[in-house]
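Following: one structure in structure tokens, then a few remarks.
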Amino acid sequence: MFETKTAHVGEDVTLTCNREKSWHLTNLFWIRLFSGTFPEILGGTYAHEYEGVDKIRHITAKQEPGTFVLKISKAQLSDTAIYYCIKVKQLKFIFLKGTFLTIKGPESDRLAVTQDPLSDPVRAGDSVTLQCSVLSDSGNKKCPEEHNVYWFKAKSDESHLSLIYANGNSSDRCEKSPETQKCVYNFFPNVDSSDAGTYYCAVATCGQIVFGNGTKLDIEGKR
């Protein structure tokens, strides 16, 4: 399950994750995910009481009463990412919490993200193309960062989003005009009857995250 959190450049940010002392032989980790890169481990601890502190640059992970805390000091635009708290016990990984953190700055780029509905019926086993179009201000020279693109899925019987794919900028198709730039990102899932739901594209760049309007996927013959 995900939550969204917004802060501004230079602010301190605190993310918390529940910790139970009764979780024997259990470790907790904070990791950070940028699309197109390997996950970055920011800190780990034990479920039982432990005074150790992990510090990576301006990020500190440590225990507080009943929680495992990640503190970001003087946040930067580059701290915009997905942050996970993970519970590890006997080689089992449980994602306890996910936070989509947006760091905003005065020079953030302007984005518009749209998704087109599917034009043809979809059957189980079909290969589907989901398309995400990103319109940005190409005249903003103060924000040279590329787009990081994430795909989420929400089933019709669930209220929360699940991250299903993250891709970098290598597969995009971009067209520039003097004032704007339009990039198109595609996602190609092979679907079965359990894949029905609404798929959302989210684009992160220059300290902001913008979600698309979603593409609803109905599977013909689904019971």
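The values are calculated or read from the model by the stated rules, or taken from the named source; none is laboratory data. All of these numbers come straight from a predicted model, not from anything done at the bench. Don't worry about glycine lacking a Cβ; one is built from the backbone with ideal geometry, like all the others, and counts go over all protein chains shown.
Some notes on this structure:
- Residue check, Val9 among the hydrophobic types (A, V, I, L, M, F, W, C), outside the structural domain of Ala204 (by TED's automatic domain parsing) and modelled with pLDDT under 90: yes
- The strands (runs of 3 or more DSSP E) found wholly in the range 58-116 and carrying at least 1 residues that are within 18 Å of Tyr46 (Cβ to Cβ) and at pLDDT 90 or above occupy 59-64, 67-72, 81-89.
- Residue that is surrounded by the most Cβ atoms within 10 Å (Cβ to Cβ), among those in the range 138-159 that are farther than 22 Å from Gln208 by Cβ and modelled with pLDDT under 70: Glu158
- Candidate set: the range 51-65, residues that are exposed (fewer than 15 other Cβ atoms within 10 Å of the Cβ) and in contact with a strand residue (DSSP E or B) (Cβ under 7 Å, 6 or more places away or on another chain); chosen: the one farthest from His147 (Cα to Cα): Gly52
- Top-ranked residue of the range 13-43 - restricted to ones that are in contact (Cβ under 8 Å) with a residue 60 or more places away in the chain and either assigned to a strand (DSSP E or B) or touching a helix residue (DSSP H, G or I) at 6+ places or on another chain (Cβ under 6 Å) (or both), ranked as nearest to Gln76 (Cα to Cα): Val13
- Here Ser127 passes the criteria (1) in the same structural domain as Gly197 (by TED's automatic domain parsing); (2) under 19 Å from the mean Cα position of the chain (by Cα) except the one numbered (2).
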